[in-house]
Amino acid sequence: MTINGEHSPITLAGLRVLVVDNDAELRQQTVALLEKWGCQAFAPTDTGQALFDAAITTAAAHCCQLAVVDMRLLDDTSTQDISGLELVPELRPAFTIINSAFGHVRHAADAFHEYGAADFVAKEDGPEVLERALKRVVAKHAIARYTSDARRTDIEWSDGGQSLTSLRQSLMEDKRYVPEDEANDLIGRLFVDAQRVVLVPIVDEQLPSDAPLASTTSPNLRRETRIFLTQVDHQPVRLVLKLGKHQKIEREVENYRRYVEHGLGGLFRPEMRGHKYLWNMGGVIYGLVGNADVSNSDGPHSFSQFYRTEHDPSIILQPLQHFFHRQHWGRWYQTGVQPLDGSIFQAYDAMLHGKLSLSMQKWHALDRDAYFPALRQALTNPLRWLSDHHHTANLVANPRKAITHGDLHGDNLFVTPLHAWPIDFERTGEGPILRDFVELIQDILTRIAQFEL
């Protein structure tokens, strides 16, 4: 694999491999072989059920990419012991090679089809066969920087990897181990057949240089996620790639399947093309169905960019009218609408898993005024105001709830002059019916628009 045009050697050096074997001598021999080939080998020495548990913990702690697992971990004398096979699903996203002295054709078939092992190697076959199996699995699944010549993928970050570095740093804030190669590994698995992948982060470069950093970046750079326009090989239409914390991408995929896949009508909609999870990070790819402008390599733009380059309000409104139309997201505002339980504040707090309540004390310490880049002036700080008034402020009479996008800002909506495609469904679900309208208007007023005062 190549990263930003630099070729990595065809080697197993640095590959993180878990070794699980209840025979201490054979375990040490396997570790010695892996280290000879340049791998980082991790081998728990527990016995019985404790070995099973330690294998799962060790694989996660070191973000292992591969595992070499003995088939009989509990009782070598029992033909019924297939505990190694049962361990395979527990070690994902590591790819597991079953390495056994007792296997036969049926066990090999079970390893592949029932338990999802990546390969099966008999111990009597010798180290050369195991080494070939490791390289074969690495090549097939495009594991980053270890991939063979035939499967090389050139990954190019248009910002030199700055967005990747900041994402990794945000994931490490809870002191977890995040390997430097995990993002490239993930992209290799997402685009396993690609020769070249170019990633352009969605960032906001239009605001004043003297504005606070937190205000000048896209909302997509303020959380443990990053969104990219992605060019794959010479395909004329670009894809949208979201990278982020494993759990966030899981919620994204779940919400897409629940609300978007069969919930959006019309011919213009986002379509999930694939998703993968590693130990810390996950990724999901979207295509924009109905985007027929294949002659324009830029394809649709984010609404933020579209707003700034289009000066006719009637044209700006057209893709928004499409998004809120009853055949698109507007259908959710017409079906299943119910009274909202509790206050608007309580509804938002529930959607944010209680983080709003936890923020009140911190926000109360903020200055009463805040600088708004789009307005180029300081106004009442809404966070401080909310901390002072959230117990009594509920200005909407008879509030209702519906299925809302949940994070509808200008960089989560791709548009052409006539159509709109939402992305980023991590927060999609029930919420105040005005939520999407209010959040998009707020983003326009405080970030996207640059008013001449």
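The values are calculated or read from the model by the stated rules, or taken from the named source; none is laboratory data. For clarity, every value in this text was computed on a predicted model and none was experimentally measured. Backbone-built Cβ (ideal geometry, glycine too); neighbour counts: all protein chains shown.
Mind counting the residues in region 296-349 that are among the hydroxyl-bearing types (Ser, Thr, Tyr), farther than 15 Å from Thr404 by Cβ and either loosely packed, with under 15 Cβ neighbours inside 10 Å or touching a His at 6+ places or on another chain (Cβ under 9 Å) (or both)? I'd like the intermediate steps shown before the answer.
Going through region 296-349, the residues among the hydroxyl-bearing types (Ser, Thr, Tyr) turn out to be 297, 302, 304, 307, 309, 314, 333, 335, 343, 348.
Retained after the next criterion (residues that are farther than 15 Å from Thr404 by Cβ): 297, 302, 304, 307, 309, 314, 343.
When the remaining residues are screened for being either loosely packed, with under 15 Cβ neighbours inside 10 Å or touching a His at 6+ places or on another chain (Cβ under 9 Å) (or both), the result is 297, 304, 309, 314, 343.
Residues meeting the conditions: 5.
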**Asked** What do you reckon, is Ser83 surrounded by fewer than 22 Cβ atoms within 10 Å (Cβ to Cβ), at pLDDT below 90 and closer than 22 Å to Gln28 by Cα?
**Response** yes
**Prompt:** In region 246-290, which residues are part of a loop (DSSP other than H, G, I, E, B), surrounded by 15 or more Cβ atoms within 10 Å (Cβ to Cβ) and either in contact with a helix residue (DSSP H, G or I) (Cβ under 6 Å, 6 or more places away or on another chain) or among the hydrophobic types (A, V, I, L, M, F, W, C) (or both)?
**Reply:** Leu264, Phe268, Leu278, Trp279, Asn280
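When residues of region 157-170 are filtered for being assigned to a loop (DSSP other than H, G, I, E, B) and over 17 Å from Arg238 (Cβ atoms), how many remain? Give the derivation first.
Of all residues in region 157-170, those assigned to a loop (DSSP other than H, G, I, E, B) come to 158-161.
Among the residues that remain, those that are also over 17 Å from Arg238 (Cβ atoms) are: 160-161.
Final tally of qualifying residues: 2.
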**Request:** For Arg106, work out the one condition from (1) at pLDDT below 85; (2) part of a loop (DSSP other than H, G, I, E, B); (3) over 16 Å from Val137 (Cβ atoms) it doesn't fulfil.
**Result:** (2)
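Right, Asp436: outside any loop (DSSP other than H, G, I, E, B), of a type in the set (Asp, Glu) and under 23 Å from Gln327 (Cβ atoms) or not?
Details: outside any loop (DSSP other than H, G, I, E, B): yes; of a type in the set (Asp, Glu): yes; under 23 Å from Gln327 (Cβ atoms): yes.
Yes; evaluated as a whole, the condition is true for this residue.
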**Prompt:** Which one is nearest to Val284 (Cα to Cα), of the residues in region 171-185 that are touching a strand residue (DSSP E or B) at 6+ places or on another chain (Cβ under 8 Å) and part of a helix (DSSP H, G or I)?
**Reply:** Ala183
**Item:** Subset of region 124-161 [modelled with pLDDT of 85 or more, surrounded by 16 or more Cβ atoms within 10 Å (Cβ to Cβ) and within 24 Å of Val69 (Cβ to Cβ)]
**Value:** Pro127, Leu130, Glu131, Ala133, Leu134, Lys135, Val137, Val138
**Request:** For region 373-384, enumerate the residues that are at pLDDT below 90, within 25 Å of Ser357 (Cβ to Cβ) and not aliphatic (A, V, I, L, M).
**Result:** Pro382
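Any chance region 360-369 includes a residue that's closer than 29 Å to Glu430 by Cα, among the hydrophobic types (A, V, I, L, M, F, W, C) and surrounded by 15 or more Cβ atoms within 10 Å (Cβ to Cβ)? Walk me through how you get there before you give the answer.
So the first thing to find is which residues in region 360-369 are closer than 29 Å to Glu430 by Cα, and the list is 360-364.
Keeping just the survivors that are among the hydrophobic types (A, V, I, L, M, F, W, C) gives 360, 363.
In the following step, the residues that additionally are surrounded by 15 or more Cβ atoms within 10 Å (Cβ to Cβ) were identified as 360, 363.
Yes, region 360-369 contains a residue that is closer than 29 Å to Glu430 by Cα, among the hydrophobic types (A, V, I, L, M, F, W, C) and surrounded by 15 or more Cβ atoms within 10 Å (Cβ to Cβ).
Going by what's in this entry, would Asp70 be described as of a type in the set (Asp, Glu), more than 28 Å from Asp154 (Cα to Cα), modelled with pLDDT under 95 and surrounded by fewer than 19 Cβ atoms within 10 Å (Cβ to Cβ)? Walk me through how you get there before you give the answer.
Values: of a type in the set (Asp, Glu): yes; more than 28 Å from Asp154 (Cα to Cα): yes; modelled with pLDDT under 95: yes; surrounded by fewer than 19 Cβ atoms within 10 Å (Cβ to Cβ): no.
Answer is no for this residue.
Yes/no matrix, rows are residues, columns are (1) modelled with pLDDT under 95; (2) within 28 Å of the chain's Cα centre (by Cα); (3) crowded, with 18+ Cβ neighbours inside 10 Å; (4) not in a helix (DSSP H, G or I):
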site	(1), (2), (3), (4)
Gly14	yes, yes, no, yes
Leu18	no, yes, yes, yes
Gln28	no, no, no, no
Thr47	yes, no, no, yes
Phe52	yes, no, yes, no
Thr58	no, yes, yes, no
**Prompt:** Which of (1) in a strand (DSSP E or B); (2) touching an Asp or Glu at 6+ places or on another chain (Cβ under 9 Å) is the odd one out, the single condition Glu426 does not satisfy?
**Reply:** (1)
**Message:** I'd like to check something: does region 387-402 contain any residue that is under 29 Å from the mean Cα position of the chain (by Cα), surrounded by 15 or more Cβ atoms within 10 Å (Cβ to Cβ) and either of a type in the set (Phe, Trp, Tyr) or more than 18 Å from Val438 (Cβ to Cβ) (or both)?
**Reply:** no
**Message:** If I filter region 338-360 for residues that are modelled with pLDDT of 85 or more and in a strand (DSSP E or B), do I get at least one hit?
**Reply:** yes
